[in-house]
Amino acid sequence: MNVLEISKLKVGETRSSRLDETPPKLSQAEKDALVQQYHPDYIKEAYGTIRVGMNKGEQTVHRVVSLLEGESPLASESIRLEAKQQVDVLIIGGGGAGSMAALAAKASGASVLMTTKLRLGDSNTVMAEGGMQVAVSPEDSPVRHFLDSLRGGQMANDKILLKTLVEEGPSVVKWLIDNGVMFDREEDGNLSLRPGGGSSKARLVRCKDYTGLELMRVLKDCVLNEQIEVLEYMPVLELLTDEAGGCSGAILKNLDTNQHFVVQAKTVIIATGGIGRLHIQGFPTSNHYGATGDGLPLSYRAGAKLTLQDTFQYHPTGAVFPEAMAGILVTEAIRSVGAHLLNVNGDRFIGEMETRDAVASAIIRECAEGRGVETPSGRKGVWLDMPLVDTLNGAGTLEDRFPNMVKQFSRYEIDITKEPVLIYPTLHYQNGGVEVDVDGESGVNNLFVAGEASGGLHGRNRLMGNSLLDIMVYGKRAGEAAAKRATSTEYKSITLQHLDRFHEAQKEAGVIPDTVSPILFPDYVNKS
Amino acid sequence: MNEVKITVDGATHAVPEGITVVQAMWHIGREMMHDVGCLGGACGACAISVRFPGRFDNQCYLACQTPVEHGMTIAFMPSDASKKEIAPLPRTEPAEQVLFQYYPETRRCVGCRSCSMVCPVGIDVMGGVRAAIAGLHQDVADRFTNCVMCGLCAAVCGAGIRPHRVGAYTRRLTGAFYEKEATQLLERINEIASGEYQDEWNTLLSSELSDAREEVLNECT
Ligand SMILES: Cc1cc2nc3c(=O)[nH]c(=O)nc-3n(C[C@H](O)[C@H](O)[C@H](O)COP(=O)(O)OP(=O)(O)OC[C@H]3O[C@@H](n4cnc5c(N)ncnc54)[C@H](O)[C@@H]3O)c2cc1C
Ligand code: SF4
Ligand code: SF4
Ligand code: FES
C-alpha cells in the first residue's frame, strides 16, 4: 500500500471518534496570524507594482499587473469607427449579472443589446452550487448579515454597497420566486436555509446543489422571452469613449468570422465576471473557460479605478484527485452539514466553518509542513471526509442534497458516501475589481460594472453565498441606473482617445507591455 | 503516464490516461471555442456522442466531465437548434395545461425513449414528457432539476418534441405558482420597507467602524 492508501485507511479508522470533537474557534488574532503567514494574498514575491493608470503605485499579482499594463488588441489594427448598431444600454457578459442587468434595463424602458464571449449562460454563475445568502429567518436580520460579511471581508467592505446588498436581498429573492426559481422549501413553504462559512445564522437559500444552474436557466429564459438581442461568441476587445472621457460604446469581435463590430451605446455595463483562468500563482481554478478577467483591462484603459485588486479568494476545497477533476469545486455546503478536514494522519486541524481565507490558509499550512498527502501526479492535498454527512444527517443525505457531487466523483469510481476525497485550495473568486458606486457606475461616466468584475462590496474576502446575491442585486441596480441615464441623454461621439492617453502614460512610465489584453481565453492548447 | 487511443473526426490519437475528453482535445492541439463553456458540467456546451469498437451502445456525455477511455470514438454534438417559444409566465395561477399552448407537440410522444437514451446527464426524459402530458407538474419539475439545456433530447425526437423546454417551462410554473407562500421572506421584506432596522443602521453606520473593530467582530460571533 502506498502513503495515500494508508492515510485513507487512517481517515476511516478515526471517523467515529471524531464525531463529537469540535476544533476550537480561532480568535481574531489567531486568524490574522494564520492568514498572514499562509494565504496566497500575502506571498510578497507574487506581487508587483502597477505603473500606469488610476491605481498607479498600488500592488497586485504579476499576472494582473501585466493585463492592466497590457497592449490593446486594436493597437496593431486600423478600425473604422463607424457604428454598426446603436443602443441605449450595451451589456457585456452573459452570466447572472449581465442577464439581470439586461432584464432590468429593458423593464426600465431602454433598448438593450447584450454581447458575450461564449453563449448566453456559459459563465461562473451557471456552476454555483452552494447557494445564496439572504437574511430571512426570524432569528436573523439584515444587520447581522451585514456584520458577518464585514467580519468575513476583514472590515474592508464598502459599507454603503454592503448595506444595500443585505437590504435589497429579500426583495430580489421574491422577484426570483415570482419568476419561477425553484428554491428548496420547508414543509410550511418557507425557504430552506443552510449555514455557510463565516455566517452566524443559517441563511443560504439554494436549489439542491444546482443553485447557479437553476438561476441561470430561469434568467436565460427571461432574457429570451423579453426578446433581448444577444450576440454570442462576440467578446469585447476595447471600449469606446467620447470627447469628455465618458464611455460611449465598444468594439466587439466576432470569433467565427474575425470581423469587428462597432456598437455605439449611451451607457455600457461590464458584467464579464472573474479571473480564475489566469491561474494566479499557479493555482488550479473552479472557474468557467472564459474567466480571464477581461473587464479589468477594458475598464482600466478607459480610465476606471480598481479597488482591492490585490485580493483573491482561494476556495478551500478544490478537488486534486483524480487529475481530471483538479480545480473542480467541492461545495462549502458540504462542510456546513458536517464533513471534516483531515491531514495525512487523519487529524483535524481547523474548524471547518471558519471563513474561507482561514480554512484555505490552514490547508496550505498542513501541506507546507509535511502533513499533506501527495497524489500520483504530484499534487498535494488534505482529506475531506464526506461519509460523515450521512452519519450525522441520516443515510442518503449526500445523494439527496448533493446529487451532482456524488455523480461527479462516481465517474472516477470514487464513492463519496463511503470514502474521503483529496482537496486543496483552488482559485475561485476575484474579491476586488472595478470601483463602483451604489448604482454600479464606475469612475468613468456612463460605464457601469456589475457582478464579480466589480469590487468593494466583499472587502478582502467574500463570504460564501454573497456573490449570487451580489449579481442579482447589483445586476438589477446597474441595469436600472444605466437605462435611466440612457433614456435622458444623447449618443456621444465614439473615439479611442482613452487609448492614446494610455499609450502616452505607458511611454512616460517606461512601460513596455508584455501581453495583449483582454486575453479572452486561457492558452491550454498543446503546440508541439 | 499510460496512454490510451481515442478517435476524433476519423483521426486516432494517443493521449494520457486520466484526463477528460476536453483536456484531450487541447492535448492533440485543438483550439476549443464552440464546444466548451463552463468546464464544470453545468452549461451543456460540450456534449459528445461516444462509441466503442465491437459494441452497439451509443452514449452521449459531457466532454468536460468524461475521462478518456481506450478505443473511444468521439463526435462533438452540434448546439441546440430547437426553437424556444416566447412563453411568459401567466400572471395568475394557470389552468392545468397552459404548457400545451406553447408546446402543443408534447402530446405527440410515441414513447420511443430516444430522448432518455441520449441525455448526457442521465435524466429519464421520456418519463418527464409523459408526466407533462399527465399534468404532473411537480414530477416534471423534479425530473429536469439538473437539465443542462444541451438540447440533444429535442434533436433526436422524431415527434418534434422539445423536452428540455417543456421541463424548463414547467419548472418555472412550479416555482412561481405551485409552492406554498414563503411567509418569513414576505415578513422580512415588510420589516425592511417599514424601516424596522433604521435605528440599528444609524448607530452602526455613524460610529467609525474601524475604531470599533473588535466590538463589531465580537458582536456577530
Ligand atoms: C464553481 C463555482 C461555484 C460557485 N458557487 C457559488 C455559490 O454557491 N454561491 C455564491 O454566492 N457564489 C458562488 N460562486 C461565485 C459566483 O457564481 C460568481 O461570482 C458569479 O456568478 C459571477 O457572476 P457574473 O455575472 O459577475 O460573472 P459570470 O457569471 O462569470 O459571467 C460573466 C460573463 O461574461 C462573459 N465575458 C467574459 N469576458 C467577456 C468579454 N471580453 N466580452 C464579452 N463577454 C465576456 C463570460 O463569458 C460570461 O458569460 C461560485 C463560482 C464558481 C466558479
Ligand atoms: S434533458 Fe435534454 S437538454 Fe436536458 S440535459 Fe438531458 S438531453 Fe440535454
Ligand atoms: S424522443 Fe420524443 S417521442 Fe421519443 S420518447 Fe422522447 S419525447 Fe417521446
Ligand atoms: S463545458 Fe459546460 S458542461 Fe462541459
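The values are calculated or read from the model by the stated rules, or taken from the named source; none is laboratory data. This structure is a prediction, so every number in the text was calculated from the model and none was measured. Note: ideal-geometry Cβ built from the backbone for every residue, glycine included; neighbour counts use all protein chains shown. Accessible surface areas use protein heavy atoms only, side chains included; no ligands, DNA or RNA. Shrake-Rupley method; radii C 1.70, N 1.55, O 1.52, S 1.80 Å.
Assign one of three labels to region B:98-177, namely rounded, prolate or oblate, based on the Cα gyration tensor with a ≥ b ≥ c the square roots of its eigenvalues; rounded applies when a/c is under 1.5, prolate when it is not and a/b is larger than b/c, and oblate otherwise. Verdict is oblate for region B:98-177. Accessible area per residue for the protein assembly as shown is 37 Å², calculated with a 1.4 Å probe on protein heavy atoms, without ligands, DNA or RNA. Once the Cα atoms are used to define both axes, helix A:28-38 deviates from the longest principal axis of chain A by about 70 degrees. Give me the net charge for the shell around A:K507: Cβ to Cβ below 13 angstrom, other residues only, Lys and Arg +1, Asp and Glu -1. Charge balance in the 13 Å sphere: -3. Per residue, the Cα convex hull of the protein assembly as shown amounts to 166 Å³. Just to confirm the filter: which trypsin sites (Lys or Arg not before Pro) across region A:420-528 are DSSP coil and have at most 16 other Cβ within 10 angstrom of their Cβ? In loop regions of region A:420-528 (DSSP not H, G, I, E or B), the sparsely surrounded trypsin sites (Lys or Arg not before Pro) are A:K527.
Loop-located GluC sites (Glu not before Pro) across region A:29-116 with a Cβ neighbour count of 14 or fewer within 10 Å are A:E77, A:E82, with loop assigned by DSSP. With respect to chain A, whose longest principal axis is taken over its alpha-carbon atoms, helix A:142-152 is tilted by about 80°. Taking a quarter of the surface of the Cα convex hull of chain B gives a mean projected area of 20.1 nm².
Per residue of peptide A:294-306, the mean number of Cβ atoms on other chains within 10 Å of the residue Cβ is 0. Round to a whole angstrom and tell me the spacing of the C-alpha centers of region A:439-465 and region A:37-102. About 13 Å separates the Cα centre of region A:439-465 from the one of region A:37-102.
Based on C-alpha pairs under 8 angstrom that are at least 6 apart in sequence, chain A has a relative contact order of 26 percent. Checked against a 21 Å cut-off, the cross-linked pairs A:K201/A:K407; A:K159/A:K266; A:K106/A:K220; A:K25/A:K163 give Cα-Cα distances beyond that limit for A:K201/A:K407; A:K159/A:K266; A:K25/A:K163.
Computed over the Cα atoms of region A:1-146, what is the convex hull's projected area averaged over all directions, in nm²? Dividing the Cα hull surface by four gives the mean projection, 18.7 nm². Element breakdown for region B:98-177 at a 1.4 angstrom probe: carbon and sulfur atoms account for 54% of the accessible area. Taking chymotrypsin sites (Phe, Trp or Tyr not before Pro) as exposed when DSSP calls them loop and at most 16 other C-beta atoms lie within 10 angstrom, chain B has its longest site-free stretch at B:57-177. For region B:3-76, report the translational diffusion coefficient in µm²/s to the nearest whole number, using Stokes-Einstein at 10 °C, 1.306 mPa s, and a Kirkwood Rh over Cα pairs. Approximately 130 µm²/s, per Stokes-Einstein. Look at the alpha carbon pairs under 8 Å that are at least 6 residues apart: their mean separation over the length of chain B gives a relative contact order of 16 percent. If you run the Gaussian network model on chain B, springs between alpha carbon atoms under 10 Å, then out of B:I74, B:I189, B:I133 the most flexible one is B:I189. In a DSSP loop and with at most 15 other Cβ atoms within 10 Å, the trypsin sites (Lys or Arg not before Pro) in region A:373-459 are A:K418.
Converting phi to 3J(HN,Hα) with the Karplus coefficients 6.51, -1.76 and 1.60 and the offset θ = phi - 60°, region A:391-397 yields 4, 6, 10, x, 4, x, 4 Hz in sequence order, with x at every glycine or proline. In terms of Cα atoms, the Rg and Dmax of region A:244-370 work out to 19.9, 63 Å. So how tilted is helix A:497-509 from the main axis of chain A? Cα-based, degrees 0 to 90, rounded to 10. The answer is roughly 70 degrees. Provide the net charge surrounding A:L255, with neighbours chosen by a C-beta distance below 11 Å and charges set as Lys +1, Arg +1, Asp -1, Glu -1. Cβ neighbours under 11 Å give a net charge of -1. Rounded to the nearest Hz, the phi-derived 3J(HN,Hα) couplings of region A:316-326 under the Karplus curve 6.51 cos²θ - 1.76 cosθ + 1.60 (θ = phi - 60°) are x, 10, x, 5, 10, 8, x, 3, 4, 9, 3, where x marks glycine and proline. Chain A packed on chain B takes about 6400 Å² of accessible surface away from a 1.4 Å probe, both sides summed.
With a 10 Å cut-off around each Cβ of B:13-25, the average count of Cβ atoms from other chains is 3. Taking Cβ atoms as reference points and 15 Å as the exclusive limit, the residues near B:G71 contribute a net charge of -1, counting Lys and Arg as +1 and Asp and Glu as -1. The mean count of C-beta atoms from other chains within 10 Å of the C-beta of residues in A:398-409, rounded to a whole number, is 1.
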